1. Give me the extension gain from Thr130 to Asp169: residue separation times 0.36 nm, minus the current Cα-Cα distance, reported in nm with one decimal.
2. Leaving out ligands and nucleic acids, note down the accessible area per residue over region 48-178 with a 1.4 angstrom probe, in whole Å².
3. Using amide H atoms built 1.01 Å from N in the peptide plane, name the residues 5+ places from Gly150, or on other chains, whose amide H lies under 5 Å from its own.
4. Give me the percent of accessible area attributable to carbon and sulfur for region 84-136, probe 1.4 angstrom.
5. Quick check: net charge around Leu152, other residues with Cβ under 13 Å of its Cβ, Lys/Arg +1 and Asp/Glu -1?
6. To the nearest 0.05, how large is the calculated FRET efficiency for Ser176 and Ala52 if R₀ is 30 Å and r is the Cβ-Cβ distance?
7. Per residue, how big is the convex hull around the C-alpha atoms of region 74-178? Give it to me in cubic angstrom, could you?
Amino acid sequence: VTGRQISDNTTQSNAITTLRSDNTTQANAIASVLADNTTYVNVWANMTPTPAGILGGGVAYTGADNIYVTQGGDAAGFYRYSITNDTWTTMNSIPVTTSYGTALVYTGDNFLYALQGGAGAGANGFFRYTISNDSWTNMTVTPANVLGGGSLAYTGGDYIYTLRGGTTDFWRYSISTN
């Protein structure tokens, strides 16, 4: 990671951020280890808080300035974070409440896909978000409810891969045939 700010407010390039667990007095502290093996601890910075509490929400980075987040916690909130401005914008809510197992993935260009998540009946919603007009489209539902641990991965091309969470189920979704 280049340009990592360290605890003494200087910036170092070529830092690698890791989780320390070496039973020292700073066990489990986040540390950056530079190429010359110099270690800096406590490199986390407080950013602007989210507009609402996030509980089991999903997150996706679009490769530009924005990060998108589903609220989770049996709520339908959906938010965009601007990295450059350190600000949050409330977007159009996802059409259903989301819970544990909700996930987001960016497929390039103009689209995000979202799993609803949740253990309740009908918690198998799957949606496409169009970034340019801040709108949601219902897509073909997942074969079963997506539980805590649900996740999405896009590798390019036509397919999104999904872990159901809480099970060994693994699915593939075709974008072109919905």
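The values are calculated or read from the model by the stated rules, or taken from the named source; none is laboratory data. All figures in this text were calculated on a predicted structure; none of them were measured in a lab. Using ideal geometry, Cβ is built from the backbone for each residue, glycine included, and neighbour counts are taken over all protein chains shown. Areas reflect the complete protein model, heavy atoms only, side chains present, ligands, DNA and RNA absent. Shrake-Rupley method; radii C 1.70, N 1.55, O 1.52, S 1.80 Å.
1. Numbers: separation 39, 0.36 × 39 = 14.04 nm, distance 2.77 nm.
In short, 11.3 nm is gained.
2. Working: 6150 Å² over 131 residues.
Here the per-residue accessible area is 47 Å².
3. Gly101
4. Numbers: 1040 of 2240 Å².
Ligands and nucleic acids excluded, carbon and sulfur reach 46 percent.
5. Around Leu152, the charge tally is +3.
6. Values: r = 35 Å, r/R0 = 1.16.
In this case the efficiency is close to 0.30.
7. Working: hull volume 11.3 nm³, N = 105.
Each residue corresponds to 108 Å³ of Cα convex hull volume.
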